[in-house]
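Right, one structure below, let's go through it.
Any read-out appearing in this document is the output of simple, stated calculations on the displayed coordinates, not a laboratory observation. None of the values given here were measured: they were computed from a predicted structure. All Cβ positions, even for glycine, are placed from backbone atoms using ideal geometry, and neighbour counts span all protein chains on display.
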Amino acid sequence: MRGSAPAAKQRAANTVINGYVNTARPVVRFWNHQVVGTLAQAQPGWLRNAQAQATGLFVAGIAEINGGNCTMQDGLRVCRGGGGALSQRGGTTYGNTFLTDDPGPFSAKTIAHEKEHVAQWKKYGNVFGYMYTVENIWVGNDPCQNRYEVAADAKGKSYGQC
Ligand SMILES: [Zn+2]
């Protein structure tokens, strides 16, 4: 039973950490979405929109420099390839640009999902990149619990099959 003592100790430590995380989670998520979100929306709309455009152009430039190909589909800039680590999961939207390694074609539902992320980016400006990241960490990278993914799923495709 010599080996079990450290394991039990580790379990106890994990319980403390998980207990802390579980207690703090709703507070952090509320702070992130309500407080940071409200402050982000204090910026003028044209500025939040300009940030979404600039960030989208920036990542499209990175993709094209790295051999990707960007085209418009249903009002969304879609860059296939060249995103490298920026293309998370099936693809990731930054500002008004969807970066993906998927060659497509993309369904209307997929485009609608990603366009909701563009709308979220325009609503908060570049602060949204931070807000999304915080939300994602505190729901354990589970898209079915991430409020911004749940909203996008409601508009189109559900990648997580929630
Ligand atoms: Zn999404």
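Of note:
- Expressed in Å, the radius of gyration and Dmax of the Cα atoms of the chain are 18.7, 65.
- Between the beta carbons of Val21 and Ser158, assuming R0 = 22 Å, the FRET efficiency works out to 0.30 to the nearest 0.05.
- Solution diffusion estimate, µm²/s, Stokes-Einstein, segment 1-69, Kirkwood Rh from C-alpha pairs, 20 °C, viscosity 1.002 mPa s: 129
- Residues Phe58 and Gln34, FRET efficiency given R0 of 41 Å [Cβ-Cβ distance, rounded to 0.05]: 0.90
- Length-normalised contact order of the chain in % [C-alpha pairs under 8 Å, at least 6 apart]: 22
- Among Arg25, Arg89, Arg77, the ranking by other beta carbons within 10 Å of each residue's beta carbon, starting with the fewest, stands as Arg89, Arg25, Arg77.
- Under 19 Å from the Cα of Lys109 - lysines, other chains or at least 8 residues apart: Lys155, Lys157
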